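For reference, the structure discussed in these notes is given below.
The values are calculated or read from the model by the stated rules, or taken from the named source; none is laboratory data. Computed from a prediction, not measured in an experiment: that's the story for all the values here. Reconstructed Cβ throughout: ideal geometry from the backbone, glycine too, with neighbour counts over all protein chains shown. Side chains included, ligands, DNA and RNA excluded: accessible areas come from the protein's heavy atoms. Shrake-Rupley method; radii C 1.70, N 1.55, O 1.52, S 1.80 Å.
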Amino acid sequence: MKGLLLVVAGLTAAFLSSASAADKLDPSCGSCHALVKPTDTSLDRLMNLKGPDLWYAGSKFNKDWLVSWLQDPKPIRPAGFPYFKHIKKGAKHDEVDQSTIPAHPKLKKADAEAAAAALMALKAPADLVPAGAFKGDMKGARMGSLAFVKFRGCVACHQGDKGEGGLSGPRLTDAGARLQPDFIAAYTANPQRFEPHIWMPTSNLKDLDIQRLTAFLVQLGQGGK
Ligand code: HEC
Ligand code: HEC
């Protein structure tokens, strides 16, 4: 009984701490981004999102990247978010209608630092982004690059190191600067655990594949390492 009470108290504390971290952000951020885990898991929610979920931001982003991106937000998703709202018919094939993609709000340095600190406090549950999901072996990066472009078809939706690739997923050209390695591994293993209807497939990759793909992505955007 005592154990149960402690668990309940712990969960409440975890909930309160993420709720208060979200409160530290400008309320406008919450009008486009989910800052707490949504209870609505319908396809409708995903279809009508105005911005990517940030409720696990503290387990996803590198803080330095957040601070600089929030001051100078360059597009991450080449066709906007969600991409299917920004596609128009072209002469030969569908094209991105850039005019429908709004610019992201730009923050001053102090506000960007405060927002980044608040976002870093929004941690994912430990079983969603397990510490050590990426085991840290960078030797697999070359095989990971081949998997990304050829064997696993990631490039159909993502731009990788050459800046070439599909438009329906976030650009991964600077993944290592932007994203935490454990997040990359956990998301690659099973995107639907983050968002049940997301259109990235779960490919039942072996852990070796996941480690190699993560090693490849981790070195992107890290000064040519
Ligand atoms: C009008 C809607 C809107 C508002 C308001 C807004 N955002 Fe965003 N945000 C977006 C969209 C759309 C993207 C995706 C941009 C892209 O991929 O190029 C985004 C991306 C982001 C990202 C990167 C997320 C990722 O998964 O790549 C962060 C971090 C972020 N916003 C933080 C904030 C913060 C902090 C605020 C409040 C100061 C804020 N946003 C206000 C719509 C919004
Ligand atoms: C059918 C398209 C598709 C394919 C194929 C695909 N992805 Fe994705 N991927 C997505 C979408 C869509 C998202 C997340 C949507 C969002 O936040 O805008 C995503 C997100 C990610 C993320 C998180 C990045 C972020 O900024 O949120 C990583 C890492 C990733 N994918 C890696 C991979 C790898 C590795 C492969 C190949 C094994 C792959 N993806 C194949 C569509 C795809």
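Return the total of residues in the stretch 133-172 being of a type in the set (D, E, K, R) and within 16 Å of ligand 1 (Cβ to nearest atom).
Number of matching residues: 1.
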Over the stretch 187-221, the set of residues open to solvent by less than 20 Å² (accessible area, probe 1.4 Å) and within 22 Å of T39 (Cβ to Cβ) is P191, F194, E195
So how many residues does the stretch 193-218 have that are at pLDDT 95 or above and polar (S, T, N, Q)? 2
Here the qualifying pairs (Cβ atoms under 8 Å; residues six or more apart or on different chains; first in the stretch 77-104 and under 21 Å from L46 (Cβ atoms); second among the acidic types (D, E) and open to solvent by 60 Å² or more (accessible area, probe 1.4 Å)) come out as I87/D94; I87/E95
Residues satisfying the stated conditions in the stretch 149-177, i.e. within 7 Å of ligand 2 (Cβ to nearest atom) and surrounded by 20 or more Cβ atoms within 10 Å (Cβ to Cβ): C154, H158, G169, L172, A175
Of the residues in the stretch 144-185, how many are under 14 Å from the mean Cα position of the chain (by Cα) and of a type in the set (D, E)? 2
Looking for whichever is modelled with pLDDT of 85 or more, loosely packed, with under 14 Cβ neighbours inside 10 Å, among the aliphatic types (A, V, I, L, M) and more than 12 Å from ligand 2 (Cβ to nearest atom) here; the options are A103, A91. Which one fits? A103
If I go through the stretch 74-88 residue by residue, how many of them are away from ligand 2 (no atom under 13 Å from the Cβ), surrounded by fewer than 14 Cβ atoms within 10 Å (Cβ to Cβ) and within 16 Å of S168 (Cβ to Cβ)? 1
Which of the residues that make up the stretch 138-179 are more than 15 Å from L213 (Cβ to Cβ) and of a type in the set (G, A, S)? G163, G166, S168, A177
